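Beneath this line is the structure, given in structure tokens, with notes to follow.
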Amino acid sequence: MMRAPVNGPPDPTFCPECGAPAPFRGTTVTLICEYCGSTIVRTGVDLRLVGKVSAILDNGSPLLLGARGNFRGDPFEILGRLQVSYGRGTWNEWFLGFRDGTIGWLAEALGQYAVLRPRDPSTVAGVATHRAFTVGASLTLDGTALVVVDTRVAQYRGAEGQLPFVAEPGLSFYSADLRGAGGEYVTLDWGNDGNHNRPVPYFGRSATLSQLGMHPLRRFAGWPMPQPPAAGGARP
Amino acid sequence: MIRVRHVVYWVLSLGSLALLGLEAPNGALLTTTPDRGQVEKGTGTVRGAPIFIWAGGGYHGGK
Amino acid sequence: MTASSQTVVAAPQRPFRDEAQVETIACPSCGGPITRGAFGTVEKIVCPYCGSELSPSDSGALALLLEVRRQQRPSALPLHARGTLDGATWEVVGIVWREVTADGTTFPWQEFLLYNPYLGYRFLLFFVYDRHWAIGRPLDGAPEIGMFFSRKVAKFGGKRYRHFQTSLARVTYVEGEFPWQIRAGDQAVAHDYVAPPFGLSVEETHDENGADIAYTAMEHLEGDAVWKAFARSGRPPNPVGVGPLRPNRWKQGAGVTWVSCALLLVLWVAISIGYTASRDAVVVFEGRSAITEPLTQEIDLGPAGDVTAVSVEFSAQPLSNAWAYADVLLVPHDRDEAIGVGVEADEWHGVDGGESWTEGSSHNTVTIGGVPTGSYTLQITPQAGEGTSTTPPVGLTYAVVIRRDVVLARYIVLPLLVIILVPLLLWSFGLMVEAQRWKNSDYAPSS
């Protein structure tokens with residue numbers, strides 16, 4: 001799959017609402033203007049104003065837009081955040097641009113983190129509809145033995161920064177999380193309709209912030225900042 | 001990890017092995033304690049040999 | 001930050017670049033000061049003072065979900081206590097009391113939700129009913145649930161955990177902040193697996209939007225460790241019983257015990273062989289006579305200057321409701337001190353209540369140790385009697401065999417007993433502790 005580099009030089013585009021620079025990069029589709037909060041969608045060469053997303057809820061994440069880290073030696077930068085809500089709370093999906101031009105997601109829920117990278121949907125084609133997934137079930141996806149740990153219908157709640165798709169607030173999406181015995185983490189994304197059996201798979205692993213060498217991190221009153229990672233931010 | 005019970009076990013085991021290796025040939029500890037004392041020749045003989053009796057009367061006790 | 005030269009725009013708002021502040025907000029129900037120690041991660045706040053349930057709204061204000069008037073209950077640790085565990089600082093931001101009921105008995109425990117903004121959450125558990133502590137950490141993956149010798153087990157990270165119990169845990173009391181919706185009365189099916197001092201907890205939750213399974217790695221904590229971690233004064237409550245996760249102290253170091261046992265057995269075999277090979281049990285006297293006749297003879301107990309063990313074997317026959325006794329006297333040739341030992345034989349029989357009985361022995365051996373080697377005069381003085389009399393039965397004869405350098409089996413058996421019984425004893429103590437532990441599981445022997 002060929003991709004334009006996500007973190008290449010920004011195109012000289014401007015927010016149709018306030019005129020501030022709107023630095024779309026690579027394959028980014030949605031950008032939330034950091035000056036006026038407008039959601040700007042790129043359609044071909046034109047920019048379209050979708051409206052204002054609801055403000056991101058401060059859900060206490062220590063991660064920051066623009067922070068850098070690395071996943072198993074591959075450096076990345078946080079380009080955007082999608083905030084998702086479900087019945088019992090919210091979680092964050094941080095959009096990552098890797099130095100090699102590929103993308104990934106850093107999922108953050110209840111203080112637990114996992115880095116996921118998309119895999120070709122053909123590797124799990126025909127697996128099942130969203131409804132057919134029950135928690136506790138075991139299955140093997142693309143050679144990895146996994147257990148279904150979470151099935152959910154959730155809503156896009158808010159966003160910041162850049163996103164690789166049109167994120168309209170309130171839109172429902174269907175997903176399932178699976179975990180393996182060796183820390184493998186897989187998310188299947190059916191999109192806005194769970195009644196098909198061709199979800200997009202994301203494969204990765206759970207990780208801690210220090211394993212990812214995330215820097216900078218948000219400051220919290222009364223809590224010392226963890227030691228910044230060693231020079232270069234790269235960890236084995 | 002080494003605990004007090006191991007040390008007690010080793011001391012008891014090696015102690016009883018030392019008893020076997022060093023004291024068993026003498027056999028003084030785990031056997032009947034015999035009477036010990038002075039004897040004197042009594043009157044008469046048995047098949048020509050003198051008869052011995054415990055000195056100092058009947059008692060022949062102790063070590 | 002400089003604006004573009006062509007366009008004048010307001011400075012961007014980047015709220016997350018600022019330090020997140022700890023807020024204190026008045027409870028909209030009772031006015032009590034609620035400290036928001038867990039920043040924005042919170043979905044649910046239960047006022048510690050009145051129990052009202054609050055939810056942070058998007059604007060940051062607290063929305064009242066459920067107004068309650070109840071007393072704050074004292075827990076083993078207070079809300080907002082900070083402590084050091086796993087090398088990091090944690091703050092108690094929420095307290096949940098939960099319980100399970102089994103066979104009509106309620107087992108309550110307290111869960112302390114520990115928070116660190118950079119590390120997430122941990123769960124500190126205090127089991128009120130036996131006063132044990134455990135810490136729970138989110139498991140880094142999914143365990144494999146299966147069977148092992150007809151036992152339900154969970155395997156994770158090369159470790160096998162045995163299924164201990166499955167129970168319906170109820171929430172009975174809540175205070176503080178939680179990153180998920182929680183309320184008194186919530187129920188969850190919890191499966192507990194143990195490999196003391198570690199455990200695995202599997203909790204399944206279903207709601208209208210989906211379902212999830214939470215895996216938690218548990219580890220036993222001593223009350224002293226909790227008290228030290230949270231710098232509490234005084235002493236922690238004294239635990240009772242074994243608990244599902246408390247390490248079995250009799251099983252600790254079992255490897256050292258069994259390796260020691262094997263080495264000591266090798267040593268024992270070697271020393272035993274050495275001992276028996278050096279003993280030849282030479283017969284130094286063998287005599288037979290009528291019971292009325294004493295015996296005397298010069299005997300040799302080996303080269304002078306040593307000590308040895310001597311056995312005296314005595315038999316008398318025919319004995320019938322009679323006794324025989326021999327006074328065996330060893331008079332040394334080179335010393336004053338003589339050695340004497342008595343040995344007897346007897347035989348008793350009769351009929352009692354229609355049952356015939358016999359007792360006694362017509363053949364006995366006495367062993368004396370510490371006998372100096374050298375030349376002796378042996379003198380054997382026999383006595384005998386029928387019943388209680390001292391008149392020897394007619395025709396009774398006796399025989400005596402004396403050996404020097406005899407092998408004493410008792411010296412060989414003693415170390416063997418010590419070497420084998422100590423590990424067996426420790427092992428059985430361990431089994432007893434495990435039996436006590438599993439008495440409270442789903443696998444208790446039916447009573």
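The values are calculated or read from the model by the stated rules, or taken from the named source; none is laboratory data. Note that this is a predicted model, so its numbers are computed, not measured. Note that we place each Cβ from the backbone using ideal geometry, even for glycine, and neighbour counts take in every protein chain shown.
The table that follows gives values for the structure above.
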| item | result |
| --- | --- |
| Those strands (runs of 3 or more DSSP E) lying entirely in the range C:264-379 with at least 2 residues touching a residue at least 40 places away in the same chain (Cβ under 8 Å) and either more than 21 Å from C:Tyr398 (Cβ to Cβ) or within 14 Å of another protein chain (Cβ to nearest Cβ) (or both) | C:282-290, C:295-300, C:307-317, C:322-332, C:363-372 |
| Hey, A:Val166 under 17 Å from A:Ala114 (Cα atoms) and either more than 8 Å from every other protein chain (Cβ to nearest Cβ) or of a type in the set (A, V, I, L, M, F, W, C) (or both) or not | no |
| Yes/no for C:Ile419 being surrounded by 15 or more Cβ atoms within 10 Å (Cβ to Cβ) and within 12 Å of another protein chain (Cβ to nearest Cβ) | yes |
| Residue in the range C:145-154 that is of a type outside the set (Ser, Thr, Tyr), touching a helix residue (DSSP H, G or I) at 6+ places or on another chain (Cβ under 9 Å) and more than 25 Å from A:Glu184 (Cβ to Cβ) present | no |
| Count - residues of the range A:84-120 that are in a strand (DSSP E or B), farther than 23 Å from A:Leu171 by Cα and basic (Lys, Arg) | 0 |
| Among (1) away from every other protein chain (no Cβ under 13 Å); (2) buried (at least 16 other Cβ atoms within 10 Å of the Cβ); (3) under 29 Å from C:Tyr121 (Cα atoms) - the single one A:Ala128 does not satisfy | (3) |
| Filtered residue count, the range C:148-170, keeping only those that are at negative phi and within 14 Å of another protein chain (Cβ to nearest Cβ) | 9 |
| Residue match in the range C:221-228 (condition: in a strand (DSSP E or B), at pLDDT 95 or above and either out of contact with any Cys (no Cβ under 6 Å at 6 or more places or on another chain) or on the phi > 0 side of the Ramachandran plot (or both)) | yes |
| Complete set of residues in the range C:380-409 that are within 11 Å of another protein chain (Cβ to nearest Cβ) and without any contact (Cβ under 8 Å) to a residue 40 or more places away in the chain | C:Ala409 |
| Residue in the range A:187-195 that is farther than 30 Å from A:Arg25 by Cβ and facing chain C (nearest Cβ under 9 Å) present | no |
| Enumeration of residues in the range C:200-235 that are under 16 Å from C:His132 (Cβ atoms) and among the small types (Gly, Ala, Ser) | C:Ser201, C:Gly223, C:Ala225, C:Ala229 |
| Some residue of the range A:136-155 being at pLDDT 90 or above, polar (S, T, N, Q), closer than 16 Å to C:Asn209 by Cα and within 16 Å of the chain's Cα centre (by Cα) | no |
| Residue in the range C:434-442 that is under 22 Å from C:Val343 (Cβ atoms) and either in contact with a Ser or Thr (Cβ under 7 Å, 6 or more places away or on another chain) or not in a helix (DSSP H, G or I) (or both) present | no |
| Number of the exception - C:Val413 against (1) crowded, with 16+ Cβ neighbours inside 10 Å; (2) hydrophobic (A, V, I, L, M, F, W, C); (3) assigned to a helix (DSSP H, G or I) | (1) |
| Condition met for C:Val240 (among the β-branched types (Val, Ile, Thr) and not in a helix (DSSP H, G or I)) | yes |
| Output for the range A:188-202, where each listed residue is surrounded by fewer than 20 Cβ atoms within 10 Å (Cβ to Cβ) and of a type outside the set (D, E, K, R) | A:Gly191, A:Asn192, A:Asn195, A:His196, A:Asn197, A:Val200 |
| Strands (runs of 3 or more DSSP E) completely within the range A:23-71 that count 2 or more residues being at pLDDT 75 or above | A:30-32, A:38-43, A:68-71 |
| Any hit, the range C:248-263, residues being out of contact with any helix residue (DSSP H, G or I) (no Cβ under 8 Å at 6 or more places or on another chain), of a type outside the set (Gly, Ala, Ser) and in a helix (DSSP H, G or I) | yes |
| The range A:131-157, subset within 22 Å of A:Val84 (Cα to Cα) and free of Cβ contacts under 8 Å to residues at least 60 places away in the same chain, residue surrounded by the fewest Cβ atoms within 10 Å (Cβ to Cβ) | A:Thr134 |
| Conditions (1) out of contact with any Asp or Glu (no Cβ under 7 Å at 6 or more places or on another chain); (2) buried (at least 18 other Cβ atoms within 10 Å of the Cβ); (3) modelled with pLDDT of 65 or more; (4) closer than 30 Å to A:Gly111 by Cα: number failed by A:Ala20 | (4) |
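Yes or no, residue by residue, for (1) closer than 21 Å to B:Leu30 by Cα; (2) of a type in the set (Asp, Glu); (3) outside the structural domain of C:Val310 (by TED's automatic domain parsing):
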residue: C:Val371; (1), (2), (3): yes, no, no
residue: C:Gln379; (1), (2), (3): no, no, no
residue: C:Thr391; (1), (2), (3): no, no, no
residue: C:Leu417; (1), (2), (3): yes, no, yes
